[in-house]
Structures are given as structure tokens and as C-alpha cells.
Amino acid sequence: MKHTCLIALIGLLWLSSSLSAQPKYALAVHGGAGADPAHMSREEIAGVETRLQAVLRQGLAQLKAGRSSLEVVETAVRSLEDDPWFNAGRGAALNSAGEAELDAAIMDGSNLQCGAVAGVRRCKNPVSLARFVMEKTPHVLMVGLGADRFAEESGLEMVDNDYFITERARQALRKKQGTVGCVALDQQGHLAAATSTGGLTGKRPGRVGDSPIIGAGTYADDRGCAVSCTGVGEEFIRRQIAGQISQRMRFNGVSLSESVKLTFADGLPDDVGGVIALNRQGDWVLHFNTVGMSRGAADSQGRFMVAIGKDK
Ligand code: ASP
């Protein structure tokens with residue numbers, strides 16, 4: 001009897017130590033703030049949720065295979081750019097001239113390397129161009145013609161501006177469409193963030209939002225957290241929301257959820273948008289002050305969720 005108890009105890013100890021030694025990885029995605037599930041059809045809700053679930057599964061598989069968070073956020077955002085349901089890449093919101101002008105950014109939390117593009121009209125996947133800016137140039141932000149030219153020279157896939165324009169975007173069926181973003185934590189303990197958007201429907205040609213502004217709509221720092229924002233970009237730029245959330249953690253020692261709460265409470269007007277944020281412990285916060293935000297998150301411990309409306 002004594003022996004059986006001892007063996008059971010050793011077994012339990014082994015199990016708990018192997019569980020805690022499990023690699024910890026996590027990711028969160030958003031498909032934009034503002035969508036109101038009360039005004040969406042069942043098909044629309046299912047459409048958004050199914051797509052976010054697919055992106056989460058793809059990201060989890062990559063993270064499990066040991067891929068870097070940087071690669072994961074790029075792949076996730078590329079998938080959402082290719083999907084006409086979201087306001088990024090194909091299906092992006094159009095400017096007042098009826099054209100697509102795309103913004104995107106990516107950031108590596110392990111070394112603060114980052115890249116961004118704004119006002120891109122022909123590069124099929126702006127998030128990959130942002131990564132090229134980060135890795136192949138000494139710059140952080142490239143815009144317009146020069147950015148498209150750089151994409152072409154780099155051999156990235158190019159398309160006519162018409163490729164991005166869908167009937168749905170043309171009719172601007174939804175008031176605020178969904179920018180996309182992803183934050184991830186890899187097995188090496190590194191964070192990354194990426195965001196991509198067509199901006200606000202009917203924006204002035206040349207207007208740039210928060211998504212490609214490092215520290216406003218996108219930020220990642222292993223010493224703080226990774227953040228991707230969505231909403232009225234001007235409000236996020238003014239307050240440097242993404243950077244502020246990370247810096248509050250770093251310099252004030254507050255938790256991730258406290259930091260998001262304090263940052264939103266510090267004068268961000270109501271009904272302007274939301275954020276997804278993730279720290280090195282794999283805790284996530286998906287917070288918004290709009291009626292809804294398409295969002296999802298998953299991790300190595302088996303947590304998996306997607307939602308559009310407020311948490312119940
Ligand atoms: N934040 C984006 C922008 O202002 C738009 C959005 O998230 O829907 O360009």
C-alpha cells in the first residue's frame with residue numbers, strides 16, 4: 001500500500017512538472033471594431049467567426065511547430081488581407097475617390113525592429129511589404145508610390161488597384177468595417193504584432209490612420225506587451241495607444257489588464273475602437289469601447305475563443 005501511494009505521488013509530480021514545462025505560446029487576432037452583432041445576419045456572424053477560427057488554428061499550428069511570433073503575425077494578417085470579408089487588402093474600405101489605399105505595420109518585440117507602409121495601391125499584401133521595409137531597408141515607414149515601387153523591385157506580388165475593390169466595399173455596406181491585426185507569443189518567449197487596413201471608409205485620399213504608425217496602432221516590446229488597435233485612427237495616434245499600453249507596464253509595473261484599462265480611461269472618447277494585447281506570460285486582453293469587435297484568441301493550454309459582441 002505504501003509503495004502504491006509513493007508511485008502515485010511520483011507519477012503526479014512528474015505529470016505536473018511536465019505540464020508546467022510545456023511550451024507556452026499564444027496568439028490573438030482582431031477583424032476590426034464597430035461591428036454590431038445585433039445588426040448582422042447569422043451568415044455574417046458565422047462568416048466572421050469561422051474565418052477568425054481558421055486563422056487562430058493556422059497560427060497555433062505554426063507556434064506549436066516552433067515558428068517565430070513574427071512569422072505568425074505576418075501569416076495571420078496575410079490571410080485576412082486575402083479575405084474580402086475584412087477591411088484590409090482585398091475588400092478594404094475605399095477612400096472618397098473610390099480607390100484602395102492600404103496601410104500596414106509589423107513589429108518584433110524581441111529587438112524593437114519594425115516596418116510599416118502607408119497609402120500603398122498595388123502591393124497585394126501590405127503586411128509583407130512592411131516586413132520587407134523592416135528587414136531590407138534602414139527605414140521604418142515608406143509611403144505611396146515609393147513603397148509600391150520598392151514592393152515591385154523586391155519581387156512581391158503586385159496587382160491592379162481594382163483587385164482590392166469589392167462590391168461590398170463599394171457600397172460601404174457596413175458603417176465601420178474591420179481592420180485586421182494579430183499579436184503572438186512564441187515558444188522562445190518573444191512577442192510580435194501586425195496590423196493591416198484600408199483605413200476609414202470615404203477617407204480623403206492621402207489620409208493615413210493609426211495602423212502603420214508604430215506606437216499608435218501597432219506596438220510590440222518583450223519588456224511590455226504586443227498590441228494591435230482598431231477604430232478611429234486619429235484618436236489612437238493622438239494618444240499613442242499601443243505604445244502607451246506597453247510602456248505603462250514597463251515603467252509603472254502595472255499588469256496588462258490594468259494597463260489597458262488605465263490607457264482607455266485616460267481620455268479616449270467613447271465608441272472609438274478597441275485593442276488586442278498579449279504579454280510574455282501568454283495573458284491576453286481583448287478590449288473595446290465600441291458596440292462590438294471581431295476578435296479571437298487561443299493558446300497552448302487549450303484556451304480558444306472567438307466573439308464579436310460584448311463579453312457575457
Ligand atoms: N484604425 C483604422 C484607421 O483609422 C481603421 C479601423 O480600424 O477600422 O485607419
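For Lys124, a cut-off of 12 angstrom between C-alpha atoms picks up these aspartates and glutamates, skipping any fewer than 8 places away in its own chain: Glu81, Asp82, Asp83, Glu101, Asp103, Asp148, Glu152, Glu157, Asp160, Asp162.
Each residue in Asp210, Asp283 was given a count of other beta-carbon atoms within 10 angstrom of its own, and listing them fewest first yields Asp283, Asp210.
Normalising the average separation of contacting C-alpha pairs (under 8 angstrom, six or more residues apart) by the number of residues puts the relative contact order of region 98-157 at 32 percent.
How much net charge surrounds Gly209 when only the other residues with a Cβ under 11 Å from the Cβ of Gly209 are counted, with Lys and Arg +1 and Asp and Glu -1?
Working: positive: Lys203, Arg207; negative: Glu101, Asp103, Asp210, Glu234, Glu235.
Counting the neighbours of Gly209, the net charge comes to -3.
Over the chain, dividing the summed -39,500 (n - 2.57) contributions of all DSSP H runs of at least 4 residues by the number of residues returns a 222 nm mean residue ellipticity of -11000 deg cm²/dmol. Normalising the average separation of contacting C-alpha pairs (under 8 angstrom, six or more residues apart) by the number of residues puts the relative contact order of the chain at 24 percent. The modelled label-to-label distance between Ala46 and Glu167, using points 7 Å beyond Cα along the C-beta direction, is 2.0 nm. Taking other C-beta atoms within 10 angstrom as a stand-in for reagent exposure, Val260, Val208, Val117 fall in the order Val208, Val260, Val117, fewest first. The local environment of Ser69, defined by Cβ-Cβ distances under 9 Å, has a net charge of -2 under the rule Lys, Arg +1 and Asp, Glu -1.
Assuming 0.36 nm per residue, please report the length gained on full extension of the stretch Asp36 to Ser257 beyond their Cα-Cα distance.
Values: separation 221, 0.36 × 221 = 79.56 nm, distance 2.38 nm.
Here the answer is 77.2 nm.
Counting only aspartates and glutamates at least 8 places from Lys24 when in the same chain, those with an alpha carbon closer than 17 Å to its own are Glu71, Asp186, Asp222, Asp283, Asp299.
No value in this document is a laboratory result; all are computed from the given coordinates. None of the values given here were measured: they were computed from a predicted structure. All Cβ positions, even for glycine, are placed from backbone atoms using ideal geometry, and neighbour counts span all protein chains on display.
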